[in-house]
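The values are calculated or read from the model by the stated rules, or taken from the named source; none is laboratory data. None of these values were measured; they are calculated from a predicted model. Backbone-built Cβ (ideal geometry, glycine too); neighbour counts: all protein chains shown. The area values use the complete protein model at the heavy-atom level, side chains included, leaving out ligands, DNA and RNA. Shrake-Rupley method; radii C 1.70, N 1.55, O 1.52, S 1.80 Å.
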Amino acid sequence: MSFWTRELRATYAFVERNFNLVKRYWGWELVWITYSIVNSLAITFIGAGMEKISGQSVDTQFLILYLLVGTLIWSYLSVVFDSISEMITWERWEGTIEYTFMAPVSRSTHMIGTTLFAVAYGIFRTLITLGVVTFFFQINLEKANLAGAMLLLLIGSVSFIGFGIVAAVLPLLFSERGSQMTHVIEALLLLISGIYYPISVLPDWLQTVSMLSPATYVLDAMREAILHGKSTVELLPYAWPLLVMGVITIPFGLLVFGIVERFAKRTGRLKRSG
Amino acid sequence: MQVVGSDLKGVTLMSNVALNAQNVGKSFASEEPFIKRWRNRNGKRLAVNDVSFQVNRGEIYGVLGPNGSGKSTLIRCIATLLIPDAGYIEIFGHDIERDEMIVKRLINRVSVDAAFFKKLSAMENLLYAARLYSMDGLTARRKIREILGRLGIKELNQPLEHMSRGMQQKVAIARAFLSSPILLLLDEPTTGLDPRSKREVQEFVLEMRDQHDATVLLTTHDMDEADKLCDRVAIIDNGKIIAEDTPQGLKESIRHRIPQPTLEDVFMELTGKQLVVEQDLAKEVS
Ligand SMILES: Nc1ncnc2c1ncn2[C@@H]1O[C@H](COP(=O)(O)OP(=O)(O)OP(=O)(O)O)[C@@H](O)[C@H]1O
Ligand SMILES: [Mg+2]
């Protein structure tokens, strides 16, 4: 059997397993999807209410679309980020981690499998949210360059995957606090990436930090494509930083993960009991 | 029987010694600094202390010892789940650290706690395991039905959390057999099973050895089981091997004290001495 057949089958093992988990934990999934839909609606209604809040005339349509792009992209990126960063937490909780780590599967294959599912599942959930939200708001996408937006979103996923892998290390290092720490990383990304506001409103030093978040570029590109109808060629300047970040963070994440995995095996942190 | 240098699962076996452990040591950072007896000078707890042994191909090798004597730690080291602090371990001549991927394809392990995705069914859990060992879906499903059928498990599509502990343990055993390991690490595989299930599993272990060319490392607290299954037995206490022989040989060694010794007598004799020492120590501390 060739190396590639083996790794491909193992990749599919993770995709199928995660699919089965979503299926079996459908109750939880329903809760999360409902939560994310309600959340998106609440934020988008801020746009709808802005004229009343401020007592001045604003371009409500524009504002609604602006916030909607933010909330949908954030919901997508956080599903991708969560699925990857919770890879370890989840298996530790189920107690299967030793079995997965004992299998003859390279860590990159493990990550690729997890990531493929994460991206597919993120798209699925975001489309559902979008579907529901369109019932509530009049959304005009005539000007939007949706193909270009999709392309940039996929490129953006690559760099988010790298961040996810780095974050997945934390639960391996800290059995109990690890998963809370990944949520802190996520919250910071939400703050600095200009999800609901332009980053220019942030203090200077935070603006500098926001340059390091891939979500900043994804959001900018999305808004250019959807709100201003920029062509795909015009979106390319946003793609480069994302690609560079992906090319750096994914190998870096795998490297760190390898080091931490060895550390966990030296200090006995993989096991749960027995 | 395969010979040295032959190909199995696409791996060249470099030796007919299935498992070669030399001077293996493993300690953990102590979480209870006040309990003196578990500590050496660095505040570390020695779980496995300079352990050396060899298991030949086709043998069933038992490791017996009191709770906390280091059996599971030793097995985790062999299973590449822990990296030993000292010594080295070879599986069919492949070093477990240098040739980690090769070793992983040759081994599998069953632990006391049947660890599964609780909401997934037996079929879904085993399918995941089979794919990790690069089996295709069709072959895997067929093999899973076959093995679980033999072990008397008929509920393939119910979440595993609905199964009794003993049944989960059987599914765990099926998971290990599924990948046809040539070195099988069984950490108390029959703990928690009723007498009939226990016997089924024991027969399965023998069959793995006799018909599927597997070598087995087994820990158990059931002395009769060890006597029945094992070709050789090591007794481990406080992380050190204190005796190693055939069950018969071990029993012979205490015949001068006990006329009709069982393996349990051997266990009591050999690990009992340690108990006295520990109690003395405890007295000293208090
Ligand atoms: N991951 C770990 N972290 C810290 N200490 C550990 C770890 N694993 C084992 N130990 C310690 O090492 C010692 C040996 O434990 P081990 O589980 O190997 O014993 P055992 O012989 O398998 O016992 P039992 O018969 O109860 O299963 C114990 O003192 C245990 O607390
Ligand atoms: Mg044990």
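Tell me, which helices (runs of 4 or more DSSP H) lie completely within the stretch A:5-99 with 3 or more residues that are within 30 Å of A:Glu224 (Cα to Cα) and not polar (S, T, N, Q)?
In the stretch A:5-99, the matching helices (runs of 4 or more DSSP H) lie at A:26-54, A:60-85.
List the residue pairs whose Cβ atoms are under 6 Å apart, where the first residue sits in the stretch B:125-141 and is on the phi > 0 side of the Ramachandran plot, the second is open to solvent by 10 Å² or more (accessible area, probe 1.4 Å), and the two are 6 or more positions apart or on different chains.
Hits for this filter: B:Ser134/A:Arg6; B:Ser134/A:Arg9.
If I go through the stretch A:233-274 residue by residue, how many of them are surrounded by 18 or more Cβ atoms within 10 Å (Cβ to Cβ), at the interface with another protein chain (Cβ under 9 Å from one of its Cβ atoms) and away from ligand 2 (no atom under 16 Å from the Cβ)?
1
Which of the residues belonging to the stretch B:83-120 are open to solvent by less than 10 Å² (accessible area, probe 1.4 Å), within 13 Å of ligand 2 (Cβ to nearest atom) and part of a loop (DSSP other than H, G, I, E, B)?
Passing the criteria: only B:Ser111.
Exactly one condition in (1) open to solvent by 10 Å² or more (accessible area, probe 1.4 Å); (2) facing chain A (nearest Cβ under 9 Å); (3) over 24 Å from B:Asn16 (Cα atoms) is false for B:Pro66; which is it?
Result: B:Pro66 fails condition (2) only.
What residue, among those in the stretch B:180-229 that are open to solvent by 10 Å² or more (accessible area, probe 1.4 Å) and among the small types (Gly, Ala, Ser), is nearest to B:Arg109 (Cα to Cα)?
Going through the qualifying residues, I end up with B:Ser180.
Within the set of pairs 6+ apart or on separate chains, which have a first residue in the stretch B:92-116 that is within 9 Å of chain A (Cβ to nearest Cβ), a second that is among the basic types (Lys, Arg), and C-beta atoms under 6 Å apart?
B:Arg105/B:Lys9
For A:Pro214, are the conditions met, namely being over 30 Å from B:Pro84 (Cα atoms), away from ligand 2 (no atom under 16 Å from the Cβ) and surrounded by fewer than 15 Cβ atoms within 10 Å (Cβ to Cβ)?
Details: over 30 Å from B:Pro84 (Cα atoms): yes; away from ligand 2 (no atom under 16 Å from the Cβ): yes; surrounded by fewer than 15 Cβ atoms within 10 Å (Cβ to Cβ): no.
Considered against the rule, which asks whether it is over 30 Å from B:Pro84 (Cα atoms), away from ligand 2 (no atom under 16 Å from the Cβ) and surrounded by fewer than 15 Cβ atoms within 10 Å (Cβ to Cβ), A:Pro214 comes out as no.
In the set B:Ile102, B:Ile83, B:Ile75, B:Ile91, which member is away from ligand 1 (no atom under 13 Å from the Cβ), modelled with pLDDT of 95 or more and not acidic (Asp, Glu)? Break it down stepwise before answering.
Values: B:Ile102 fails: modelled with pLDDT of 95 or more; B:Ile83 fails: away from ligand 1 (no atom under 13 Å from the Cβ); B:Ile75 fails: away from ligand 1 (no atom under 13 Å from the Cβ).
Result: B:Ile91 is the single residue among B:Ile102, B:Ile83, B:Ile75, B:Ile91 that is away from ligand 1 (no atom under 13 Å from the Cβ), modelled with pLDDT of 95 or more and not acidic (Asp, Glu).
Hey, can you tell me all the residues within the stretch B:160-215 that are in contact with a Lys or Arg (Cβ under 6 Å, 6 or more places away or on another chain), over 24 Å from B:Lys119 (Cα atoms) and more than 16 Å from ligand 2 (Cβ to nearest atom)?
Residue satisfying the conditions is B:Thr215 alone.
Can you tell me which condition B:Ser52 does not meet? The list is (1) under 20 Å from B:Cys230 (Cβ atoms); (2) modelled with pLDDT under 95; (3) of a type outside the set (Val, Ile, Thr), and all the others hold.
So B:Ser52 meets the others, but not (2).
Is there a residue in the stretch A:191-199 that is part of a helix (DSSP H, G or I) and either among the small types (Gly, Ala, Ser) or touching a residue at least 60 places away in the same chain (Cβ under 8 Å) (or both)? Give the steps one after another, and end with the answer.
Looking only at the stretch A:191-199, we keep the residues that are part of a helix (DSSP H, G or I), and these are A:191-192, A:199.
Subset that is either among the small types (Gly, Ala, Ser) or touching a residue at least 60 places away in the same chain (Cβ under 8 Å) (or both): none.
Looking for residues that are part of a helix (DSSP H, G or I) and either among the small types (Gly, Ala, Ser) or touching a residue at least 60 places away in the same chain (Cβ under 8 Å) (or both), one finds none in the stretch A:191-199, hence no.
Conditions tested, residue by residue: (1) modelled with pLDDT under 95; (2) within 19 Å of A:Ile123 (Cα to Cα); (3) within 19 Å of the chain's Cα centre (by Cα).
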{"site": "A:Ile161", "(1), (2), (3)": "yes, yes, yes"}
{"site": "A:Ala168", "(1), (2), (3)": "yes, no, yes"}
{"site": "A:Pro171", "(1), (2), (3)": "yes, no, yes"}
{"site": "A:Glu176", "(1), (2), (3)": "yes, no, no"}
{"site": "A:Val184", "(1), (2), (3)": "yes, no, yes"}
{"site": "A:Leu212", "(1), (2), (3)": "yes, no, yes"}
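Residues checked against (1) free of Cβ contacts under 8 Å to residues at least 60 places away in the same chain; (2) within 11 Å of chain B (Cβ to nearest Cβ):
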| residue | (1), (2) |
| --- | --- |
| A:Phe14 | no, yes |
| A:Asn18 | no, yes |
| A:Arg24 | yes, yes |
| A:Val79 | yes, no |
| A:Glu94 | yes, yes |
| A:Glu98 | no, yes |
| A:Ala103 | no, yes |
| A:Ser108 | no, no |
| A:Ile112 | no, no |
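Got at least one residue in the stretch B:19-30 being at pLDDT 85 or above, of a type in the set (Gly, Ala, Ser), on the phi > 0 side of the Ramachandran plot and out of contact with any helix residue (DSSP H, G or I) (no Cβ under 9 Å at 6 or more places or on another chain)?
No: the stretch B:19-30 contains no residue that is at pLDDT 85 or above, of a type in the set (Gly, Ala, Ser), on the phi > 0 side of the Ramachandran plot and out of contact with any helix residue (DSSP H, G or I) (no Cβ under 9 Å at 6 or more places or on another chain).
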